[in-house]
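Shown next, in structure tokens, is the structure this report addresses.
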Amino acid sequence: MIAVLVLVFVFGSPPFGSWAADNANGTGALDLFLSVLAWPSWDFTLDAPARDVLAMVLRAVLVVILTAAFLTALAWPRTGNAGAQLLTGWASVVFAGAAAGLVMGLIQSDASAPAVFALISSGATYGIFAGWIVGLATLRAPSR
């Protein structure tokens, strides 16, 4: 839970988002990774529609809340297997990112089906690229 909170707070921050937009615009793997890490950004302009601002902030909050919910639901019977814990943490972020993208797409002002599907896809992509960090943080987490 703390790992995804740090990911969203640090890499979704306006300074990192601006830096990534300016510096991670190449075609390399590192550029793609840095761009994807900035997906749950909570950076918005003051002239944006209120629905878009709400959707953007809600996306960042939902990634954290839904990751915690999925971690709890998926990890209820802890097996003690490190591989299972890694995949559970990783999958939780993939599901949370996709769900947050869906909610954002339904709230924002241009809620067309292709735009919603693109946000779901970008949320899942965020989970694929950033979820392993949460997965590593859940390794050997104490059982409840």
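The values are calculated or read from the model by the stated rules, or taken from the named source; none is laboratory data. The model shown is predicted, which means the values in this text are computed figures rather than measured ones. Every residue, glycine as well, gets a Cβ built from its backbone with ideal geometry; the counts of neighbours run over all protein chains shown. All accessible areas refer to the heavy atoms of the entire protein, side chains included, with ligands and DNA or RNA removed. Shrake-Rupley method; radii C 1.70, N 1.55, O 1.52, S 1.80 Å.
List of remarks:
- Positive-pole candidate from L66, L54, G28, dipole of the chain, charges at beta carbon: L66
- Taking a sphere under 13 Å around the Cβ of W42 and counting the other residues whose Cβ falls inside, with K and R at +1 and D and E at -1, yields a net charge of -1.
- Per residue, the convex hull spanned by the Cα atoms of the stretch 80-144 amounts to 75 cubic angstrom.
- Point-to-point label distance, L46-L136, nm (Cα→Cβ direction, 7 Å offset): 4.0 nm
- Our coupling estimate for the stretch 116-130, obtained by passing each phi through the Karplus curve with A = 6.51, B = -1.76, C = 1.60 and θ = phi - 60°, is 5, 5, 5, 5, 4, 5, 5, x, 5, 4, 4, x, 5, 7, 9 Hz, Gly and Pro reported as x.
- Solvent-accessible area assigned to carbon and sulfur over the chain amounts to 73 percent, based on a 1.4 Å probe.
- In a simple Cβ point-charge model (Lys, Arg +1; Asp, Glu -1; nothing else charged), the chain has a dipole of about 700 debye relative to its Cα centre.
- What the Cα atoms of the stretch 1-115 give is an Rg and a Dmax of 15.5, 50 Å.
- Helix 50-74 and the long axis of the chain differ in direction by around 10°, with both axes built from C-alpha atoms.
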